[in-house]
Amino acid sequence: MAIPIAYNLRNLVVRRTTTVMTALGIGLTVAVLLAVLALVSGLRTAFTTTGNPLQVLVLRKGGTSELTSAVTPEVFQDLKSRQGIAHNASGEQMASLEMVTVLNLKSPTNPLGMNVTLRGLNTIGVQMRDLKLASGRWFHPGHREVVVGKSIANRYPGAGLGDHLRFGKGLWEVVGIMDAGHSAVNSEIFGDLGQISSDFNRQDGLSSILVRAEDRSSVAALVNSLNDDRRLNVKAQTEQSYYDAQTVSGAPLQALGIFVCIIMAVGSSFAAMNTMYAAVSRRAREIGTLRVLGFSRASILFSFFTESMLLAAIGGLLGCLLVLPLNNVETGIGNFITFSEIAFNFRVTLPIMVAGVIFALFMGAIGGVLPARMAARKEILTALREI
């Protein structure tokens, strides 16, 4: 015969102070874990939503990123003649020659400022990305005008609509703010390729070429064709795979966060264990009475173990509540590949919260098994004599 769950719930309510303190310790541990997972999830979302599965990014062979790559206009002209490149409604080939560098913008949180990505491109390059204007307009070719991502406008006071940025050989007016959803493009600044490459004296040393394949079946053939052509000396890969590789930026934070959570979990497990040991000690006579009433040792063990799991579940749910305010909060992290900041939002998703509750139950199981075993092994007469 099993002991009713109501018995365990009543004991948690009676010992409300101890219950709250232990649950809070577990909840804080779960909250730290969820915050780390939400951060990494947001970073991955920013990168995975950036790439288009039909688009191929072309770098110089040996280049690890657009920042370290160098391609020439001659290579671009040769590449444009390849079979399998899509055309837009106007009949233009969907191929964009681009230049990427970094700017240092004044930041309210960092006295040294932060690096952000500056991208020079033509109108066709803007068309190839899923973008919309939050305010203002797109830059005009041949003018010192830029359009900034919404994260840039939000995080840097001097980069709003109508402001002027100083880089290259002069001032550039911010004429628009673009919204790229959750993608990393929100952390970039767009400007005219001709003007930007001229200001940085890089007319013949640009960064990358972005091309769009006609359909999904043409992507692999286009990548292989470009990689096999020794005259071009380029490395082609899908745009998605390029951005997927950049998620390594969150790996150190994830490893550090999990390490801290493990240490906190050990402490929380011991707290749960102490709580349950104290409960067993105070309820010795109850245990003896339950045995006299006919409840088996297995029922006693299961009851106390269940109580520990209920305590952990409360802590897990509390941890979820503590971390919910972080959902969609914007933050930024340095990208080790582009050497610039990438802004993204914390994403507290249902799978992440479920993982947090499971983690809490794991702590409850570790902390509850020994006290439950101790309760089950008490002799009836000994238990009835204990005060």
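The values are calculated or read from the model by the stated rules, or taken from the named source; none is laboratory data. All of these numbers come straight from a predicted model, not from anything done at the bench. Ideal geometry is used to build each Cβ from the backbone, glycine not excepted, and the neighbour counts take in all protein chains shown. We work out accessible area using only protein heavy atoms, side chains counted, and drop any ligands, DNA or RNA first. Shrake-Rupley method; radii C 1.70, N 1.55, O 1.52, S 1.80 Å.
Shown for the chain: the carbon plus sulfur share of the solvent-accessible area, taken with all protein chains present and a 1.4 angstrom probe, equals 61%.
Over the range 141-233, the hull volume per residue, using the convex hull of the C-alpha atoms, is 132 Å³. Between the C-alpha center of the range 283-333 and that of the range 112-136 there is a gap of 50 Å. Note on the range 228-352: percent of Cα-Cα distances in each 10 Å bin, starting at 0 and stopping at the bin with the largest distance, equals 9, 23, 22, 16, 13, 9, 5, 2, 1. Taken about its Cα centre, the chain carries a charge dipole of roughly 1860 debye when the Cβ of each Lys and Arg holds +1 and the Cβ of each Asp and Glu holds -1. For the range 1-124, the Cβ-based charge dipole about the Cα centre amounts to some 700 debye (Lys, Arg positive; Asp, Glu negative; other atoms uncharged). Compute the long axis of helix 5-14 from its Cα atoms, compare it with the longest principal axis of the Cα atoms of the chain, and write down the angle in degrees, 0 to 90, nearest 10. Around 90 degrees separate the two axes. Each Lys and Arg adds +1 at its Cβ and each Asp and Glu adds -1 at its Cβ; summed about the Cα centre, the range 144-302 shows a dipole of about 1280 debye. Once the Cα atoms are used to define both axes, helix 251-282 deviates from the longest principal axis of the chain by about 10 degrees. Extending 7 Å from Cα along the Cβ direction at S281 and again at I358 yields two label points whose distance is 3.5 nm.
Taking a straight Cα-Cα cut-off under 29 Å and skipping sequence neighbours fewer than 8 places away in the same chain, the lysines within cross-link reach of K61 are K80, K235.
Within the straight-line cut-off of under 20 Å between alpha carbons, the aspartates and glutamates reachable from K169 are E98, E145, E188, D192, D199, D204, sequence neighbours fewer than 8 places apart in one chain being disregarded.
Each other residue within a Cβ distance under 15 Å of A271 adds +1 if Lys or Arg and -1 if Asp or Glu, for a net charge of 0. Against the compact-protein benchmark of 2.2 N^0.38 Å, the Cα-based radius of gyration of the range 210-260 scales to 1.68. Listed by chain and number, the lysines whose C-alpha is less than 21 Å from the C-alpha of K132, apart from same-chain residues fewer than 8 away, are K150.
If you take the alpha carbon atoms of the range 282-387 and fit the smallest convex hull around them, that volume is 134 Å³ per residue.
Here, P(r) means the percent of Cα pairs in each 5 Å bin from 0 to the largest distance; for the range 129-193 it is 4, 21, 32, 26, 14, 4, 0. For the chain, what does -39500 (n - 2.57) per DSSP helix run (n ≥ 4), summed and divided by total residues, give at 222 nm, in deg cm²/dmol to the nearest 500? Using -39500 (n - 2.57) per qualifying helix, the result is -16000 deg cm²/dmol. Electrostatic bookkeeping for N110 treats Lys and Arg as +1 and Asp and Glu as -1; over the other residues with beta carbon under 15 Å from its beta carbon, the sum is +1. Over all orientations, the range 1-65 has a Cα convex hull whose mean projected area works out to 9.9 square nanometres.
Considering the values (i) 38, 28, 23; (ii) 41, 25, 21; (iii) 61, 22, 15, which represents semi-axes √(5λ) of the Cα gyration tensor in Å as calculated for the structure under consideration? Evaluating semi-axes √(5λ) of the Cα gyration tensor in Å on these atoms matches (iii).
Please give the net charge around N122, taking every other residue with its beta carbon less than 13 angstrom from that of N122, where Lys and Arg add +1 and Asp and Glu add -1. Charge balance near N122 sits at 0. Quick one: helix 297-323 against the long Cα principal axis of the chain, what's the angle to the nearest 10°, folded into 0 to 90? Between the helix axis and the principal axis of the chain, the angle is about 30 degrees.
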